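*Asks:* My structure is below; once you've seen it, I'll send some questions.
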Amino acid sequence: MVSYYISKITQRAIHLGMPTSVSIEPTTSCNLRCPECPSGLRSFSRDTGMLDKGFFSKMVDELHKKTMYLTFYFQGEPFLNKDFLQMVSAASEKNLYTATSTNAHYFNDEVSEKTIRSGLDRLIISIDGTTQETYESYRIGGKIEKVLEGTKNIIKWKRKLNSKKPYVIFQYLVVKPNEHQLDEVQAIADDLGVDEVRFKTAQVYDFKNGNELIPTIDKYSRYKKNKDGTYSIKNELNNHCWRLWNSSVITWDGHVVPCCFDKDATHKMGDLKSKNFKEIWQSEPYNNFRNLVLKSRSSVEICTNCTEGTTVFS
């Protein structure tokens with residue numbers, strides 16, 4: 001983080017270390033059709049595929065030396081990759097803190113047991129409604145009963161194996177159709193034994209003229225209504241972003257991209273099939289991108305709908 005502060009003050013990208021956190025994408029495939037997600041919309045221009053277990057092993061052999069936190073998520077549903085939990089186990093054995101995010105439709109008894117035994121540290125379960133009608137208004141194609149049953153299986157095996165891990169989080173994406181059920185989801189979480197509920201603001205692609213997903217509760221909206229009736233993002237696009245100094249993202253096929261807002265991997269910093277991560281992280285293209293953000297963040301398309309990265313650990 002010292003390099004970040006120096007760069008912020010001098011307006012010149014300097015990087016002396018390695019990221020503490022890296023996100024790796026198990027797959028771009030998904031079983032649901034969520035309306036604000038490239039996976040759900042099937043709108044990627046990049047290839048859809050599965051992270052290869054052997055390729056992951058080579059990556060983690062390098063990453064574990066400097067990285068502390070490994071998130072098994074970018075786009076897609078991680079549990080669609082048949083080797084996913086084996087990769088989690090391999091990372092856990094190297095003392096990496098591991099986390100993932102899931103729609104929880106695949107937690108049958110066998111998978112739930114294997115999830116606990118994998119050593120996964122943090123499990124984020126997306127639950128964007130407490131009734132089927134509300135849930136499927138965003139999680140199109142999903143079944144709330146599967147989410148709840150899967151959560152029960154995870155908690156059951158966590159208790160059965162006397163495991164403190166994973167720390168289970170219900171993540172609730174607050175949109176207008178579900179904003180009336182915030183108290184209900186907290187009550188359900190308490191009843192099931194979920195460790196925490198997190199209410200998350202929703203990114204909406206088409207927001208300028210309003211959008212049916214923008215919540216009326218201002219606290220949970222990324223957007224503000226202007227005097228002329230149009231909407232704009234609340235966040236000021238200040239010319240800095242700590243994420244470019246502290247974290248990175250790797251797609252299923254080995255491309256390194258600067259952050260999780262680059263969902264279609266339009267800003268490829270390098271390819272791990274031809275270079276190691278350190279070379280890419282400290283490369284001229286990566287530093288050029290950092291310099292661009294320091295000088296004109298508003299000119300970077302993936303930054304224009306972003307509410308993260310400007311405040312440290314926001």
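The values are calculated or read from the model by the stated rules, or taken from the named source; none is laboratory data. Computed from a predicted structure; not experimentally measured. All Cβ positions, glycine included, derive from the backbone under ideal geometry; neighbour counts span all protein chains shown. SASA here: full protein model, heavy atoms, side chains in, ligands and nucleic acids out. Shrake-Rupley method; radii C 1.70, N 1.55, O 1.52, S 1.80 Å.
*Asks:* Classify the chain as rounded, prolate or oblate, taking a ≥ b ≥ c as the square roots of the eigenvalues of its Cα gyration tensor: rounded when a/c is under 1.5, otherwise prolate if a/b is larger than b/c and oblate if not.
*Replies:* Details: a/c = 1.77, a/b = 1.11, b/c = 1.60.
It comes out oblate by the Cα gyration axes.
*Asks:* Can you give me the C-alpha center-to-center distance between the stretch 238-268 and the stretch 167-221, rounded to a whole angstrom?
*Replies:* So the two Cα centres are separated by 25 Å.
*Asks:* Accessible area of H180, 1.4 Å probe, to the nearest 10 Å²?
*Replies:* Accessible area, nearest 10 Å²: 120 Å².
*Asks:* Any idea of the accessible area per residue across the chain, 1.4 Å probe, to the nearest Å²? It would help to have the intermediate numbers written out before the result.
*Replies:* On the way: 14730 Å² over 314 residues.
For the chain, the per-residue accessible area is 47 Å².
*Asks:* OK, next. Quick one: compute the contact order of the stretch 1-81, relative version, from alpha carbon pairs under 8 angstrom and 6+ residues apart, as a percent. Please report the intermediate quantities before stating the final value.
*Replies:* Details: 100 pairs, mean separation 34.5, N = 81.
Worked out over the stretch 1-81, it gives 43 percent.
*Asks:* Separate question: Too long at a 31 Å Cα-Cα cut-off: which of K158/K224; K156/K278; K114/K234; K58/K114?
*Replies:* Details: K158/K224 42 Å; K156/K278 41 Å; K114/K234 42 Å; K58/K114 23 Å.
Listed pairs above 31 Å: K158/K224; K156/K278; K114/K234.
*Asks:* Can you tally the net charge around F74? Count Lys and Arg as +1, Asp and Glu as -1, for every other residue whose Cβ sits under 12 Å from the Cβ of F74.
*Replies:* -3
*Asks:* Rounded to the nearest 500 deg cm²/dmol, what is the calculated helix-only ellipticity per residue at 222 nm for the chain, with -39500 (n - 2.57) per DSSP H run of length n ≥ 4? The partial results should precede the final answer.
*Replies:* Values: 11 runs with 100 residues, N = 314.
Taking each H run of at least 4 residues, the total per residue is -9000 deg cm²/dmol.
*Asks:* Ok, one more. Per-residue accessible area for T216 at 1.4 Å probe radius, Å² rounded to 10?
*Replies:* Its accessible surface works out to 100 Å², give or take rounding.
*Asks:* Defining a contact as two alpha carbons under 8 Å apart and six or more residues distant in sequence, what relative contact order in percent does the chain show? It would help to have the intermediate numbers written out before the result.
*Replies:* Details: 585 pairs, mean separation 59.8, N = 314.
In percent, rounded to a whole number, it is 19.
*Asks:* Also, quick follow-up: Tell me, in nm to one decimal, what length is gained between D206 and S296 on full extension, where the rule is 0.36 nm per residue of separation less the Cα-Cα distance? Please list the in-between numbers first.
*Replies:* Values: separation 90, 0.36 × 90 = 32.40 nm, distance 2.25 nm.
Value of the extension gain: 30.1 nm.
*Asks:* Within the accessible area of the chain, what % is carbon and sulfur when the probe is 1.4 Å and the other protein chains stay in place? Present the calculation step by step, with values, prior to reporting the outcome.
*Replies:* On the way: 7250 of 14730 Å².
Carbon and sulfur atoms account for 49 percent of the accessible area of the chain.
*Asks:* Sort I14, I6, I144 from largest to smallest accessible area, using a 1.4 Å probe on the heavy atoms of the protein chains. The partial results should precede the final answer.
*Replies:* Values: I14 40, I6 65, I144 15 Å².
From most accessible down to least: I6, I14, I144.
*Asks:* While we're looking at this one, here's another question. Can you tell me, using C-alpha contacts under 8 Å and at least 6 residues apart, the relative contact order of the stretch 159-271 as a whole percent? List each step's numbers first, then the result.
*Replies:* On the way: 131 pairs, mean separation 19.2, N = 113.
That works out to 17 percent.
*Asks:* If we count every other residue with Cβ under 14 angstrom of M59's Cβ, Lys/Arg +1 and Asp/Glu -1, where does the sum land?
*Replies:* Values: positive: K53, K58, K65, K66, K94, K273, K275, K278; negative: E25, D52, D61, E62, D83, D253, D271, E279.
Surrounding charge for M59 is 0.
*Asks:* Take S274, S101 and sort them by solvent-accessible surface of the protein heavy atoms, 1.4 Å probe, largest at the top.
*Replies:* Details: S274 95, S101 20 Å².
Largest accessible area first, the residues go S274, S101.
*Asks:* If you don't mind, another one. In terms of Cα to Cα distance under 18 Å, which aspartates and glutamates are near enough to K227, apart from those fewer than 8 places away along the same chain?
*Replies:* The reachable aspartates and glutamates, counting only those whose Cα sits under 18 Å from K227, are D218, E236.
*Asks:* Using heavy-atom solvent-accessible surface (probe 1.4 Å) with all chains present, what is the largest-first order of K263, K53? Write down the numbers at each step before the final one.
*Replies:* Numbers: K263 35, K53 85 Å².
Final ranking, largest accessible area leading: K53, K263.
*Asks:* Go through the stretch 87-92 residue by residue and turn each phi into a ³J(HN,Hα) via Karplus (6.51, -1.76, 1.60, θ = phi - 60°); whole Hz please, and just put x for glycine and proline.
*Replies:* 5, 4, 4, 5, 5, 4
*Asks:* What does the charge count around N288 come to, taking other residues whose C-beta lies under 12 Å from its C-beta (Lys +1, Arg +1, Asp -1, Glu -1)? Kindly include the intermediate steps, with their values, before the conclusion.
*Replies:* Details: positive: R12, R290, K295; negative: E284.
Neighbourhood net charge equals +2.
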